[in-house]
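Structure record follows, encoded as structure tokens.
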Amino acid sequence: MNARKLMITIVFLCTMVAAEGQVRGIVVDMSTGVPQRDVIIYTNHNEVDTTDWKGEYVFKEPFEWAEASHPRFLTRKVTIDEMKADTLRLLPLVNELSEVVITAKRLEIAPAITMGIAQAAAEGGAMAPKGLATFDFFAPLARFDKSRRWVSKKERKRQKEALENY
């Protein structure tokens, strides 16, 4: 029985020593956190690994530093201590503009269209359905509301300017 326990302990310790030498982790995009595939990582001992579709890498031999490169990311050189953090974040290459200037001419609306829009806005209430099936039970009360009887000249002028400047 003791020999069996000793054998299990030895096998366990051997696997722990072998696993301790491994460095494994995931390479992700720093801005989005999405795992990146096909990132080439090579060490100072000329060991090379390429990340799989889940962004995972595994190195079995110890090393001092490694360098990760991909065409869409800045190349990053890291030490073994940084690689043991399980996640290696790469900064994407971004082409940014420092300034954007947009220029355009105002769209000219034909006067006939402007008049049609104004007329449709004015007649909108007149085109509402009338009769028992309108579901507007408060329409008769609107006759007594002075604010709904007419639109002031100032308001009409403001609406006309808004349509012309649109």
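The values are calculated or read from the model by the stated rules, or taken from the named source; none is laboratory data. Fair warning: this is a prediction, and the values are worked out from it, not measured in the lab. No Cβ is skipped: glycine too gets one built from the backbone with ideal geometry, and neighbour counts run over all protein chains shown.
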Filter segment 54-64 down to the residues that are assigned to a strand (DSSP E or B) and touching an Asp or Glu at 6+ places or on another chain (Cβ under 9 Å), then identify the one that is surrounded by the fewest Cβ atoms within 10 Å (Cβ to Cβ).
Val58
Could you tell me whether Ile109 is β-branched (Val, Ile, Thr), surrounded by 10 or more Cβ atoms within 10 Å (Cβ to Cβ), modelled with pLDDT of 70 or more and under 30 Å from Arg158 (Cα atoms)?
no
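Which ones in segment 68-103 are β-branched (Val, Ile, Thr) and in a strand (DSSP E or B)? Spell out how you get there, then give the answer.
First pass over segment 68-103, keeping only residues β-branched (Val, Ile, Thr): 75, 78-80, 87, 94, 100-103.
Across segment 68-103, the qualifying residues are Thr75, Val78, Thr79, Thr87.
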Mind checking which pairs have a first residue in segment 26-46 that is in contact (Cβ under 8 Å) with a residue 60 or more places away in the chain and hydroxyl-bearing (Ser, Thr, Tyr) and a second that is outside any loop (DSSP other than H, G, I, E, B) and surrounded by fewer than 16 Cβ atoms within 10 Å (Cβ to Cβ), Cβ under 6 Å, 6 or more apart or different chains?
Ser31/Pro92
Matching residues in segment 55-75 (in contact (Cβ under 8 Å) with a residue 12 or more places away in the chain and closer than 13 Å to Leu88 by Cβ) number 13
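So which strands (runs of 3 or more DSSP E) are wholly in segment 14-53 and hold at least 2 residues that are exposed (fewer than 14 other Cβ atoms within 10 Å of the Cβ), at pLDDT below 85 and small (Gly, Ala, Ser)? Steps first, please.
Working: elements: 23-29, 40-43, 48-50.
Once the strands (runs of 3 or more DSSP E) in segment 14-53 are filtered for at least 2 residues that are exposed (fewer than 14 other Cβ atoms within 10 Å of the Cβ), at pLDDT below 85 and small (Gly, Ala, Ser), nothing remains.
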Would you tally the residues in segment 63-108 being small (Gly, Ala, Ser) and not assigned by TED's automatic domain parsing to the domain that holds Arg37?
2
